[in-house]
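Chemist: Pasting in a structure now, in structure tokens, and then I'll have a few things to ask.
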Amino acid sequence: MNYARFLTAVSAARKPSPIRILTELQQRSPPSLISLAGGAPNPNTFPFQSASIKVKNGQTVSFDEAAMKRALQYSASNGIPELLTWMKNLQKNLHNPPTASYTSENGQMDMCVTTGSQEGLCKVFEMLVNPGDNVLLDAPTYSGTLAALQPLGCNLINVPSDQHGMIPAALKEVLSRWDPSEVHKPGSTAPKVLYTIPNGGNPTGASMTTQRKKEVYELARQYDMLIIEDDPYYFLQFDKPWAPTFLSMDVDGRIIRTDSFSKILSSGLRIGFVTGPKPLVDRVVLHIQASTMHTSTFTQPLLQRCMKQSLSSHRVIEFYRGQRDAMISSADKWLKDVAEWHSPSAGMFLWIKLKGIADTQQLIMQKALEKEVLLVPGGVFMINSSDPCPYVRAAFSLSTPEQIDEAFRRLSSLIKEAL
Ligand code: PMP
Ligand code: PLP
């Protein structure tokens, strides 16, 4: 893989921040090293002394004075070493990425901690996408992705999808505009980046089948594209066995995967991680050096100490599965005549097509509020948000089954009045 061809001029121009290098060097040195180098403030002047946080399972996570001093200080931009080691093992256990291709210096896999997967995604897009570039994705898609991509001035090309995600034959058709043997020629407009949400897609709830992933990966090989696998609902798959990921198929080193702890540990503490070929992860880390510097040094060990038990806990999955079932049964009860949907096998969203309503924007933003029921009008997930869209997104994460039932009763009467 020649990663240089994928980088924007801005990303290629990033250089390590000299002070950051010294900070990281100091972290790896014995305590006997006397450093007058770092610009770190003295944590003895900080007001916080220690912390003790109760975990729902009855355990306590404690930060004594020494741990607290460290938690309040600057740390490495790619993440604290013990969390990185833990996550690299996790990633290997979950996805076992084919390592043969990763043994070369150029293709080694690496990871970094990010302040939520949104930060990782935004930095990955800014690393790879130039104004005028053609970028492939399956819309409707996550509005946060559109918010990060659209200002880059790229041309978003929709690849048709259904309840099983992106359709490989449709991707092939879109790509047939270009000749695979010419994608490396100067001036080629062939897309270099494909973005998709493989499980419990936001907003559609769609999950991609293994076969489709294989076919999409093969097309990415043919056209020498990178795939951005944005998988925040991976840990919220309701049925076992979980589908193999793009990362698990990545013999070439063309997958950049973003993971998130927002749905299983905390969305407010802001932590996620990026996994991908080392030369690309290095560029993301250089961008972090120049922006957030690193994810909170307090958040990282806190989450690490709760992680093991949370990832292996079926409590979260069972909760969301129950919520999904409740929403589907209320939809069956109230919306059968006025709407259509597919039951999602992951995530927290139901994507509902309202029959006989060309665009849901007005219905939701004006009339639904009067009836005291709120959903997201589908248009916000479209490449052109002003195109009419008959869909709404309903989240089953936060409301009780009783509230969901009442909400759908209200929605049903709203639709009937609008028809
Ligand atoms: N600006 C200046 C002039 C600084 O010295 C520093 C910290 N060394 C920063 C910004 C970054 O500060 P923060 O840790 O709040 O990101
Ligand atoms: N990607 C998708 C598809 C999402 O649905 C979300 C959150 O809603 C994110 C990324 C952002 O997640 P994080 O909280 O980790 O930044």
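Chemist: Cross-link candidates for K54: which aspartates and glutamates have Cα within less than 15 Å, leaving aside residues fewer than 8 places away along the same chain?
Modeler: Answer for K54, where 15 Å is the Cα cut-off: D64, listed by chain and number.
Chemist: Still on this structure, I have one more. Return the Rg/Rh ratio of the range 314-418 with Cα-based radii and a Kirkwood Rh.
Modeler: Radius of gyration relative to Kirkwood radius: 0.96.
Chemist: Projected onto the charge dipole of the range 218-344 (+1 at Lys/Arg Cβ, -1 at Asp/Glu Cβ, origin at the Cα centre), which of L286, I317, S296 gives the Cα projection farthest towards the positive end?
Modeler: Ranked along the dipole, the leading option is S296.
Chemist: Compute the long axis of helix 18-27 from its Cα atoms, compare it with the longest principal axis of the Cα atoms of the chain, and write down the angle in degrees, 0 to 90, nearest 10.
Modeler: The angle comes out at about 80 degrees.
Chemist: Let me ask something else. Highest first, please rank the peptides 72-82, 400-410, 247-257 by the mean number of other Cβ atoms sitting within 10 Å of their residues.
Modeler: Per-residue Cβ counts within 10 Å, averaged per peptide and sorted highest first, yield 247-257, 72-82, 400-410.
Chemist: Under unit Cβ charges (Lys, Arg +1; Asp, Glu -1), what dipole magnitude, rounded to 20 debye, does the chain have relative to its Cα centre?
Modeler: 700
Chemist: In addition: Taking 24 Å as the cut-off for C-alpha to C-alpha distance, list the pairs among K353/K416; K240/K308; K172/K336 that go past it.
Modeler: Over 24 Å Cα-Cα: K172/K336.
Chemist: Grab the DSSP H runs of the chain that are 4 residues or longer, score each as -39,500 (n - 2.57), total them, divide by all residues and round the 222 nm result to the nearest 500 deg cm²/dmol.
Modeler: Value at 222 nm, helices only: -10500 deg cm²/dmol.
Chemist: Now for a separate question. Looking at the chain, what % of its DSSP beta bridges pair antiparallel, to the nearest 5?
Modeler: Within the chain, antiparallel bridges account for around 65 percent of the total.
Chemist: Excluding Q211 itself, what net charge comes from residues whose Cβ is under 15 Å from its Cβ, given Lys and Arg +1 and Asp and Glu -1?
Modeler: Every neighbour counted, the sum reads +1.
Chemist: Using the per-residue mean of other Cβ atoms lying within 10 Å as a proxy for protection, in what order, highest first, do the peptides 43-49, 226-232, 122-128 fall?
Modeler: The packing order, highest mean first, is 226-232, 122-128, 43-49.
Chemist: Find the Rg to Rh ratio for the chain, where Rh is the Kirkwood radius over alpha-carbon pairs and Rg uses the same atoms.
Modeler: Here Rg/Rh amounts to 0.99.
Chemist: Just to confirm the number: angle between the C-alpha axis of helix 210-222 and the first principal axis of the chain, 0 to 90 degrees, nearest 10?
Modeler: The angle comes out near 60 degrees.
Chemist: Using mean Cβ contacts within 10 Å as the protection proxy, how do 7-19, 332-344 order, highest first?
Modeler: Top to bottom by mean Cβ count within 10 Å: 332-344, 7-19.
Chemist: Go ahead and run the numbers for FRET between I383 and L94, Cβ-Cβ distance against an R0 of 35 Å, rounding to 0.05.
Modeler: Efficiency at R0 = 35 Å is approximately 0.65.
Chemist: Here's something else I'd like to know. Between the range 370-411 and the range 111-185, what's the alpha-carbon centroid distance in Å?
Modeler: Distance between centres, Cα-based: 26 Å.
Chemist: Please give the net charge around L350, taking every other residue with its beta carbon less than 10 angstrom from that of L350, where Lys and Arg add +1 and Asp and Glu add -1.
Modeler: +2
Chemist: To the nearest 10 degrees, how steeply does helix 299-312 sit against the main Cα axis of the chain, on a 0 to 90 scale?
Modeler: In the chain, helix 299-312 runs at an angle near 50 degrees to the longest axis.
Chemist: Now a separate question. Can you pull out the chymotrypsin sites (Phe, Trp or Tyr not before Pro) in the range 146-248 whose DSSP state is coil and whose Cβ has at most 16 other Cβ atoms within 10 Å?
Modeler: W178, W242
Every number in this text was worked out from the coordinates using simple rules, so none of it is lab data. Computed from a predicted structure; not experimentally measured. Don't worry about glycine lacking a Cβ; one is built from the backbone with ideal geometry, like all the others, and counts go over all protein chains shown.
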